[in-house]
Amino acid sequence: QVQLVESGGGLVQAGGSLRLSCAASGRTFSTYTMGWFRQAPGKEREFVAAIDWHISSNTYYARSVKGRFTISRDNAKNTVYLQMNSLKPEDTAVYYCAANQFGPIVPMTPYPYWGQGTQVTISS
């Protein structure tokens, strides 16, 4: 089992940047495919990005964030990051990280473990 804690959310103006972090507990972080999801008020949770457990250069992005967001991981620090650039008001949401041991990075794969979320608010 793994526990996840997100940080780095906040309020920024449109066009700005934020970097979210997700720290994981345990010694097996490198075996988890990690994903970022978000949920805006009144909307369903949606996939944002994922990074493979085995090949860290293997990543997958939602079309809405591709080219603006970058997911990365540091297995030595048990941490996954989401660098968000060129932020837009429609990026406003609670952002969650999730973990799936040995999982594929396709968006619809189930993620058993979730963090508590961090609020990201983009002002226009």
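A compact table of results
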quantity	calculated
Region 69-80, residues that are surrounded by fewer than 20 Cβ atoms within 10 Å (Cβ to Cβ) and touching a strand residue (DSSP E or B) at 6+ places or on another chain (Cβ under 7 Å)	70, 72, 78, 79
Test: residue in region 30-37 that is at pLDDT 95 or above and over 19 Å from residue 70 (Cα atoms)	yes
Any hit, region 79-94, residues being out of contact with any Asp or Glu (no Cβ under 7 Å at 6 or more places or on another chain) and at pLDDT below 95	no
Which numbered condition residue 1 misses (of (1) at pLDDT below 95; (2) within 15 Å of residue 118 (Cβ to Cβ))	(2)
Options 85, 78; residue that is in contact with a Ser or Thr (Cβ under 8 Å, 6 or more places away or on another chain) and either on the phi > 0 side of the Ramachandran plot or aromatic (Phe, Trp, Tyr) (or both)	78
Matching residues in region 95-110 - criterion: being closer than 12 Å to residue 48 by Cβ and at pLDDT 95 or above	95, 96, 97, 98
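A quick yes/no check of all residues on (1) of a type outside the set (Val, Ile, Thr); (2) in contact (Cβ under 8 Å) with a residue 12 or more places away in the chain; (3) surrounded by 13 or more Cβ atoms within 10 Å (Cβ to Cβ):
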{"site": "5", "(1), (2), (3)": "no, yes, yes"}
{"site": "24", "(1), (2), (3)": "yes, yes, yes"}
{"site": "32", "(1), (2), (3)": "yes, yes, yes"}
{"site": "46", "(1), (2), (3)": "yes, yes, yes"}
{"site": "55", "(1), (2), (3)": "no, no, no"}
{"site": "59", "(1), (2), (3)": "no, yes, yes"}
{"site": "84", "(1), (2), (3)": "yes, yes, yes"}
{"site": "107", "(1), (2), (3)": "yes, yes, yes"}
{"site": "110", "(1), (2), (3)": "yes, no, no"}
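The values are calculated or read from the model by the stated rules, or taken from the named source; none is laboratory data. Fair warning: this is a prediction, and the values are worked out from it, not measured in the lab. Because the Cβ atoms are built from the backbone with ideal geometry, glycine has one as well, and the counts that use them run over all protein chains shown.
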